[in-house]
Amino acid sequence: MKQRIYIENAGISGPDKTEPIICFDTGLDPRSFARTKMSQFMTESGYIVFPDGTHEEWKTAGVNEVNGLMKVWGPLFNAKRLDSILEKINPEDEPAANNSIDNAKQTALQAVIAWIKAKMFLGETKTTSNPGASFINNGKVFFAPEHISSRCLYAEGIKQDRYNNSDLCGMEEAAFCAGAMLYRILTGAHPFPSAEILQDMREGVFMPVHLAAPGLDQKLSNLIQSALMLPVTKNQTIKNGTEILTEMLKCLSNTTAVTSYDVASCDVTALYSRLPEEKKAQIQKEKQNYLIKHYYVTGTKRFAVRNRTILMAACISFLVLLFIILNMIDAASRRPTTAGLTSKEVVITYYEAFSELKHDVMEACIQGANKSDVNAAASYYAIDRMRKAYEFTAVPLFINPNELDNEDDTPAFNVFGITNQVIEFVSGNEDAGVISYRVNYILWTPGEDPINRSDLLMLKTDRRGNWRITEILRTER
């Protein structure tokens, strides 16, 4: 990735065009540079802090168009970018390179100590905290102008700063950044490696320091943990930013005097103690438990929060579907069947249900037979229910002719049912599962003359062994 804040050996402006300068490549063409009003930040100050605590302001010297892009430049501060120093620590290097890893850690630790001291010397003076905009050289620290450097880092592709939290300010911001940098040095990894950096910071989702760096000095480990927990409002630490930075310097420096000009750091290997195998196994187990508890549980919780509308709709749909299914199961369990009835009892039940407009019972008695009787009973049942609803009465509209004392006086307009029913066995036997009956009867229907019917019924057992009417052959006269 191309750096856009760098030292350029061949100057692009100035009295001597070979003079080295600090260059800020904004990545903007002249039109975009003007539209974003970057020129108004040309007066913004940077700061150079010296090991003795003194400091001076740094100002940009000019802006030039180079290869179609606008570059801001200023006086040279010959040093290395802090983020480049931090990123040289690669714990995945070969074991034979352990010395180089320790050297990289030592160099980075020295740089962070100088950075912390510079921040404390400046106090509440507003300076950038992004390591990509800080340069270190033998205890001297350069903090680049905040807005111009932020634009250049954005152009580099650093859209989310892994070392700073936008919710913090002042010394709390500095303490958090110091904690994140020390975590990177002493564990070899970023505390917030995922894409959801800001959310992880606010919720305190990172591998605890004592698990990420087993054997690290306990006091220093607790201080880094406290610094990284500063953005978590529900877990505010007792120490403030200044106290955390002060205690960090005491742990990391060869002197206990925070205002000392000495920036020598202790040996990085001396910050760790050797752990017994039992302790290592315990820490490994705690790591696994943490990953399960925080990463998987946190991931599930965040997924639920992001998709709560969809999940809520899905839950409601599921509950509605479950309600419908349960109702269907309940209705099916209460649905009439012919279980336990003989073939003749099925025939009797069918015609009794016809007279009583129980179309569901009739439906249960047949399988494949003509449903004209079932449809007629259902129609008269619907008319009866509608009439009761409109007239608010419980008196049935239709009268079963078997309930009348004298058939001759039967009022045909509201009588429905069967009389004079005679059932005769025709053929078959129940053991064979096939049997026939003939049924003769008189059918009374509203507004019509009585009809003499003769039905030939074929019955068979279904797969459950229940008798069902499979065919009705009818004659009328």
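For the stretch 53-70, a residue qualifies if it is charged (D, E, K, R) and modelled with pLDDT of 90 or more, and the qualifying residues are Glu56, Glu57, Lys59.
Checking the stated criteria, Met181 turns out to be in contact (Cβ under 8 Å) with a residue 40 or more places away in the chain, closer than 23 Å to Ala104 by Cβ and assigned to a helix (DSSP H, G or I). Go through the stretch 174-191 and give me each residue that's in contact with an Asp or Glu (Cβ under 9 Å, 6 or more places away or on another chain) and surrounded by fewer than 22 Cβ atoms within 10 Å (Cβ to Cβ). Passing the criteria: only Gly188. Checking each residue of the stretch 281-304 against the condition of being modelled with pLDDT under 90, in contact with a Gly (Cβ under 7 Å, 6 or more places away or on another chain) and hydroxyl-bearing (Ser, Thr, Tyr) gives no match. Kindly indicate whether Thr309 is under 30 Å from Asn429 (Cβ atoms) and polar (S, T, N, Q). Judged against the criteria, Thr309 is not a match.
Here Val434 passes the criteria (1) closer than 29 Å to Glu403 by Cα; (2) at pLDDT 90 or above except the one numbered (1). Evaluate the stretch 414-429: report whether one residue or more is in a helix (DSSP H, G or I), at pLDDT below 90 and farther than 15 Å from Tyr350 by Cα. Yes, that holds for at least one residue. Restricted to the stretch 396-413, and to residues there that are in contact with a helix residue (DSSP H, G or I) (Cβ under 8 Å, 6 or more places away or on another chain) and at pLDDT 75 or above, the residue that is nearest to Pro450 (Cα to Cα) is Pro401. Here Gly215 qualifies as on the phi > 0 side of the Ramachandran plot and in contact with a strand residue (DSSP E or B) (Cβ under 9 Å, 6 or more places away or on another chain).
For Ser355, the criteria (1) under 26 Å from Arg385 (Cβ atoms); (2) out of contact with any strand residue (DSSP E or B) (no Cβ under 7 Å at 6 or more places or on another chain) hold in every case but one, which is (2). Among the residues of the stretch 190-208, is any assigned to a helix (DSSP H, G or I), closer than 19 Å to Cys266 by Cβ and in the same structural domain as Thr246 (by TED's automatic domain parsing)? Scanning the stretch 190-208, I find no residue that is assigned to a helix (DSSP H, G or I), closer than 19 Å to Cys266 by Cβ and in the same structural domain as Thr246 (by TED's automatic domain parsing), so the answer is no.
Val205 falls short on exactly one of the conditions (1) in contact with a Lys or Arg (Cβ under 7 Å, 6 or more places away or on another chain); (2) touching a residue at least 60 places away in the same chain (Cβ under 8 Å), and that condition is (1). Answer with yes or no whether Val320 is β-branched (Val, Ile, Thr) and in the same structural domain as Asn466 (by TED's automatic domain parsing). In short, no. Confirm whether Glu286 is in a helix (DSSP H, G or I) and over 52 Å from the mean Cα position of the chain (by Cα). In short, no.
Figure legend. Inter-residue proximity from the stretch 347-360: first residues within 18 Å of Arg335 (Cα to Cα), second residues among the acidic types (Asp, Glu), beta-carbon distance below 7 Å, spacing 6+ or different chains. Indicated pairs: Phe354/Asp373; Leu357/Asp384.
The values are calculated or read from the model by the stated rules, or taken from the named source; none is laboratory data. In this text, all values refer to a predicted model and were calculated from it rather than measured experimentally. Neighbour counts run over all protein chains shown; Cβ positions are idealised from the backbone, glycine included.
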